[in-house]
Every structure is written in C-alpha cells, then in structure tokens.
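Data first, discussion second: the structure below is written as structure tokens.
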Amino acid sequence: MSKLSTMDCKHREKDHDADFEKITAVLLKSRTGEFDLESILFLKLKGLGIYDLGCIGECTNLERLDLSGNHVTNLVPLASLRLLSVLNVSANRISSLEPLRNCDSLQSLNVAGNIISSVENLHCLQFLRKLENIRLKDNTYNYTNPVCRNSSYRSIVLEMFPNIRVLDGERVVGRGSDLYQLCKDIDETIKAGLYKNGQLVEKPDCKPWVDDTYWEIKRSNNAIIDEAYKQFNDVLHECRLLNNRASHIISQSEKSMSLKKQPKQYAI
C-alpha cells in the first residue's frame, strides 16, 4: 500500500470516529432502524466515544437508554425525556445530575464510574418519586464516584431516598434484603412451633413481625407486566392440561401392558 493510501485510510478512520463524537439523527436512525426519532423506545449507544448528546432529546418516547463507556459530561439534552425509566450513564465524566430532575418516570439510574463529588449532587433526584434503583459504584468493573469515599455515604443516601429498593446492586428493602429475610425466617420458626406431631399446641404470646400476606409477590399495575402474567398463567394452564393428558395415557398404557402380561385362562 502506498504512503498516500495509508494516509487516506487514517483520515477515513478519523472521520469515522468523529461521526460518533456527537449524537445525530443519522446516527440514531442507523442504530435503531427507525425513521422518526419519536418512535425510538430503546437505545444502546455503549462505548462509541460520544462527547455530545446532540439531538437525543428529540427521542421523546425513549424508555431505556444505555450511554455507558463514553465521554459524556453534560446531561442537559436528557431533560426532555419524561418517559425515560432506565438510564445507564456509567463510565463517563458526569459531575451534575441536575437535568434528570425532569425525568419523572425514571426508575433505575446507573451513574457508577463518574465524578459525582458529594451527596448534595443527589438532591435533585429526590423529586423522582418512581426512582427505586440507584448505582453509584460497581465493584465488578471497579467503577465508583468520589462521593462513595464518604464512610457514611450509604446511610445518607438511604435516608435521602426512603423508597429506594436497590443501592449499588444490593437490595435494601423487600423480599431479598437480609433484614427482611431474617424477619421472615423468624416468623416461619414461630409458626412451626405452633404445631407438634401435626397437632396445634397452645399458641405462644407473640405476634409475627408482618402480616401473613406480606411476603407474597405484589402484582404491578403496569399493563405490560399484567399481560406477561396473563400469558404465563395461560401457558401454565396448558402445561397442566398436557400433564393430565400424559398421565392418563401412561395409566391406560400401563393397564394395557398389565393385561397382556396376565396368563391366558381356558375354560374347562
């Protein structure tokens, strides 16, 4: 290859990389296959060297966005994404989360591996009533934030967000937490002590920590999840019907084989 051709190739590579420094309509349409930006619901732009979020704010119906592993510093273009529920901006250069205060639907936020310096930078997220999952550090990839160096950071964050369910990948409330699991185990132990040899004995003077139905999985009001439950129950019903049918066929086959094995009896 000539020296000129080599230089041309380097220029093309440089131009190709430059295409991803800023999010454009062309980039979004090529990555998703959608003609209208408003039609994009899910978007994965991981590790593309993006500095500028450009026109991403025009994706007004966007629900899930992955911008991890880029060079993003400014989240202002995300302020218009009122339907955004899951956002991953880990491994970027973000210091302010202020633009996210308008993302009313946000449920899960991953900002591990950025430069968020203090808990004051998190105050803007307190307006997000649906936010249940926050990740500021990820030990798997050794991602963190300066705020995580504060020895009491975890307790402060939990106090700031009383409705949070998962912090840094660890469940803090609900069926999966250590405390709630312990309470459940204690309740089951208490209930087990009420019976001896299958007979109900005198009830001790104690009460469970929570109601009997507390540990049951609550169904969501989300229409998509409700439909998934319905489809699952339909499949489960079909499986039960197939199981009953298979059991009947096996039973009939066993009877038939049993009759064939019996010795023939002749009248005398």
Among residues of the stretch 75-103 being in contact with a helix residue (DSSP H, G or I) (Cβ under 8 Å, 6 or more places away or on another chain) and in a loop (DSSP other than H, G, I, E, B), the residue most open to solvent (accessible area, probe 1.4 Å) is Arg82
Output for Cβ contacts, cut-off 7 Å, separation at least six or different chains, first residue open to solvent by 50 Å² or more (accessible area, probe 1.4 Å) in the stretch 20-44, second among the β-branched types (Val, Ile, Thr), reads Glu21/Ile50; Glu34/Ile40; Glu38/Thr60
Checked pairs for the stretch 145-156, first closer than 19 Å to Leu97 by Cα, second charged (D, E, K, R), C-beta under 6 Å and 6 or more apart or across chains, list as Cys148/Lys137
With criteria (1) part of a loop (DSSP other than H, G, I, E, B); (2) modelled with pLDDT of 95 or more; (3) in contact with an Asp or Glu (Cβ under 9 Å, 6 or more places away or on another chain), Asn163 comes up short on (2)
Within the stretch 110-127, can one find any residue that is within 19 Å of the chain's Cα centre (by Cα) and either free of Cβ contacts under 8 Å to residues at least 12 places away in the same chain or open to solvent by 60 Å² or more (accessible area, probe 1.4 Å) (or both)?
-> no
Per the filter on the stretch 45-66, residues more than 18 Å from Arg101 (Cα to Cα) and in a loop (DSSP other than H, G, I, E, B) are Leu45, Lys46, Gly47, Leu48, Gly49, Ile50, Tyr51, Gly54, Cys55
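The values are calculated or read from the model by the stated rules, or taken from the named source; none is laboratory data. Predicted model only: the values in this text are computed from it and were never measured. Cβ coordinates were reconstructed from backbone atoms using ideal geometry, including for glycine residues, and neighbour counts include every protein chain displayed. Surface areas here come from the heavy atoms of the whole protein model, side chains and all, with no ligands, DNA or RNA. Shrake-Rupley method; radii C 1.70, N 1.55, O 1.52, S 1.80 Å.
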